[in-house]
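As C-alpha cells, the structure follows; a few thoughts come after it.
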Amino acid sequence: MKLKLRLLRIHKVVLLALTITLLCVVPVLSQVSYKATVSRIVETRTGVQLSQASQLNPTNNVNQLTQNIYTKIKPPGNPLPKIIIPLGTTDLNKFQNILASKKVSANYYQSVGETHDMGKEGGVWESVNVNSLRSTDPAYAVVLSKPNYGKTNHLTFRVIGINNNVPIISFASPDVALKDSISVDFIVDTGNSGLKSEQIGKAVEAKDYRLHHRDEYSNFQEYKGKVDILIRNTMIQQAPPRKVDYLVTISR
C-alpha cells in the first residue's frame, strides 16, 4: 500500500514538472521570428537587378521589424516641412502674394491643341507670361517649385472672370503640398511570413513622408518585368515606370 502511494506521489510530481515545462515552451514556440532582407535595386543597360543585400536582425515584433526596415532605407537627415499652397477659387493677385510669402516660384502654361480636363496631368503645354492669363476659353496650368523641394505637376485652372482688372482663377483642387525633393521608393515582398505588404509599407511610410511604398508591385519580378521590356525594346514608345530604390523581402 505504501509503495502504491509513493508511486502515485512520484507520478504527480512528474506530471507537474511536464506541465511546467510545456507552459514555458509553448509561448516560445508560438512567437514567430521574422527575417528581413533589404536589397538595393540598380538599373543597367539590359534591365534592373538586385545588389547590396543586407540581412536585418530577426525579430518577433512587427513594430521592431518596421523600425529596422526604416532605419536601413531612410534618407539622410530629416524631411523638409511640407509647404501647403491654398488653391480653390481666388484672384490671381492673392495667389501670387501667397507664393511670394512662401518664396515659391511659379511657371504658367496654356494648353495647346486640345482641351484639358480640370485637375488632369498630361497633354501639351506652352509657356505663357502671367500677365497673359485673361481668356476664359483655354485651360491654363501652373507648376510650383522651390529649391530643395520637388516640383508639382501641372496644376490646371481656368480663368472664370475678371474683377477690377484682376483675373479670377479656379483650380480643381483645394490645395497642393510642396514636399522634400528627396524620395525613396520601395517594394515589400512578404512571401510566407503571414504579414501583409500594405501593413508593413504603410507603417514604414508613416515614419517619413519621403518614403513611398510601391504597392502596385508585390515582388521584384513584377517590377523587373515592366522595366526590362522597355529598356531592351527601344521600339516601344512608352515612359518607364517611376524608379524603385529598394526591395524588402520578409520571411519566417
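The values are calculated or read from the model by the stated rules, or taken from the named source; none is laboratory data. Nothing here was measured: the structure is a model prediction, and the numbers come from that model. Here the Cβ is made from the backbone with ideal geometry for all residues, glycine too, and neighbour counts use every protein chain on show. SASA here: full protein model, heavy atoms, side chains in, ligands and nucleic acids out. Shrake-Rupley method; radii C 1.70, N 1.55, O 1.52, S 1.80 Å.
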- In the structure shown, of Lys196/Lys243; Lys102/Lys207; Lys72/Lys226; Lys74/Lys146; Lys146/Lys224, the pairs separated by more than 30 angstrom at the C-alpha atoms are Lys146/Lys224
- Carbon plus sulfur, as percent of the 1.4 Å-probe accessible area of region 195-236, comes to 52
- Task: Please name which of Ala139, Phe186, Gly88 has its Cα lying farthest along the dipole of region 79-237 towards the positive end, using unit charges on Cβ (Lys, Arg +1; Asp, Glu -1) and the Cα centre as origin.
- Result: Gly88
- Task: Would you please give the FRET efficiency between Val166 and Lys202, computed as 1/(1 + (r/R0)^6) with r the Cβ-Cβ distance and R0 = 51 Å, to the nearest 0.05?
- Result: 0.70
- With DSSP loop assignment and no more than 15 other C-beta atoms within 10 Å, the chymotrypsin sites (Phe, Trp or Tyr not before Pro) in region 159-235 are Tyr209
- Query: Hey, what's the Cα Rg ratio for region 160-252 versus the globular rule of thumb, 2.2 N^0.38 Å?
  - Reply: 1.61
- Hull surface divided by four, with the convex hull built on the Cα atoms of region 48-204: how many nm²? 13.0
- Message: Probe of 1.4 angstrom, ligands and nucleic acids ignored: what's the accessible area per residue over region 151-222, in square angstrom?
- Response: 48
